[in-house]
Amino acid sequence: MIRSLLLLTLFLTFASAEYSDAIKQKKIYPMGEKIYKKLSLRIEPSLLETRTKLHDYLVRTEACKGLNPKELEALEIYLFDRSLREANSKDNAAITPQKSDKCPVCGMFVYKYPRWAALIEYEKSKLYFDGVKDLMKFYFNPQAWGEYYPSEKIRNIAVRDYYTQKSVDAKEAYFVLGSDVYGPMGNELIPFAAQEDAKHFYMDHKAKAIYRFNELTSEIVYGLDD
């Protein structure tokens, strides 16, 4: 029992690290794939719905008991990112900025930051943002950013789950504030579809709060710039 708790603590410490795509491609994925094939694990699709579910399963399952924290982390990232890539080909249709799409708040090209892209869809147009923070600035005061877009004309507000990168209805999401993970515009509201994933991220990244969409205010959003 003590060994299991120690292993879990060590694993969570390592798992909080962020890796570049290059490191994942060269080191993490090959290691994870090798371990996965060696252990002959059977991963049910339901375990891949959130990274938290997969993480909890790998820590508990007997086949992984002999792995060190780095090996466990590599296995988790490999399995989850592989399922993510498969899902992305079908799921990201709602947030597909073109190279010409600029964030109306900061003017940056949104396609350069796909992980953070967010969308407000109107009856006849779509506006893309390079993060939830800028999206919410626009949502609270659209008149400040040029052409007026009345809120009652909004058909859809979509963000991307930080872990799965799947499109999520912003009004159903959980937003983590004040973490040590930064977006293109600095401090961000990090979106999650599942509450348990938001809590997991909150703990791993020293965050300050978790909000639902209707709990956010302009004071909270603009406070991220301080």
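Enumerate the pairs (first residue in region 187-198 and at positive phi and part of a strand (DSSP E or B); second residue anywhere and modelled with pLDDT under 95 and surrounded by 23 or more Cβ atoms within 10 Å (Cβ to Cβ)) with beta-carbon separation below 7 Å, excluding pairs fewer than 6 apart on the same chain, so at least 6 apart or on different chains.
Sorted first by the residue in region 187-198, then by its partner, the list stays empty.
If I filter region 107-151 down to residues being acidic (Asp, Glu) and within 24 Å of residue 193 (Cα to Cα), which single residue comes out as surrounded by the fewest Cβ atoms within 10 Å (Cβ to Cβ)? Full working, then the answer.
Of region 107-151, the ones acidic (Asp, Glu) are 121, 123, 130, 134, 147.
Okay, now just the ones that are also within 24 Å of residue 193 (Cα to Cα), so 121, 130, 134.
Values: 121: 17, 130: 29, 134: 27.
This residue is 121.
Report yes if some residue within region 155-174 is of a type in the set (Asp, Glu) and in contact with a Lys or Arg (Cβ under 9 Å, 6 or more places away or on another chain); otherwise report no.
Yes, there is a match, as at least one residue in region 155-174 is of a type in the set (Asp, Glu) and in contact with a Lys or Arg (Cβ under 9 Å, 6 or more places away or on another chain).
Within region 39-82, which residues are surrounded by 19 or more Cβ atoms within 10 Å (Cβ to Cβ) and in contact with a Cys (Cβ under 8 Å, 6 or more places away or on another chain)?
58, 72, 75
Answer yes or no: is there a residue in region 124-145 that is out of contact with any strand residue (DSSP E or B) (no Cβ under 8 Å at 6 or more places or on another chain), of a type outside the set (Lys, Arg) and touching a residue at least 60 places away in the same chain (Cβ under 8 Å).
Checking region 124-145: at least one residue is out of contact with any strand residue (DSSP E or B) (no Cβ under 8 Å at 6 or more places or on another chain), of a type outside the set (Lys, Arg) and touching a residue at least 60 places away in the same chain (Cβ under 8 Å).
Output the residue which, of all residues in region 187-220 that are surrounded by 20 or more Cβ atoms within 10 Å (Cβ to Cβ) and aliphatic (A, V, I, L, M), is nearest to residue 133 (Cα to Cα).
Per the stated criteria, the residue is 189.
Going through 148, 139, 163, 122 one at a time, which residue ends up being under 15 Å from the mean Cα position of the chain (by Cα) and among the aromatic types (Phe, Trp, Tyr)?
On the way: 148 fails: under 15 Å from the mean Cα position of the chain (by Cα); 139 fails: under 15 Å from the mean Cα position of the chain (by Cα); 122 fails: under 15 Å from the mean Cα position of the chain (by Cα).
From the options 148, 139, 163, 122, the qualifying one is 163.
Conditions tested, residue by residue: (1) at pLDDT below 95; (2) under 26 Å from residue 96 (Cβ atoms).
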position	(1), (2)
131	no, yes
147	yes, yes
150	yes, yes
170	no, yes
188	no, yes
206	yes, no
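Would you check if there is a residue in region 155-171 being acidic (Asp, Glu) and within 26 Å of residue 205 (Cβ to Cβ)?
Residues of region 155-171 that are acidic (Asp, Glu), as a first pass: 161, 169.
Applying the additional criterion that residues be within 26 Å of residue 205 (Cβ to Cβ) yields 161, 169.
So far as region 155-171 goes, yes, one or more of its residues are acidic (Asp, Glu) and within 26 Å of residue 205 (Cβ to Cβ).
The values are calculated or read from the model by the stated rules, or taken from the named source; none is laboratory data. Keep in mind that this is a model prediction, so the values were computed, not measured. Note: ideal-geometry Cβ built from the backbone for every residue, glycine included; neighbour counts use all protein chains shown.
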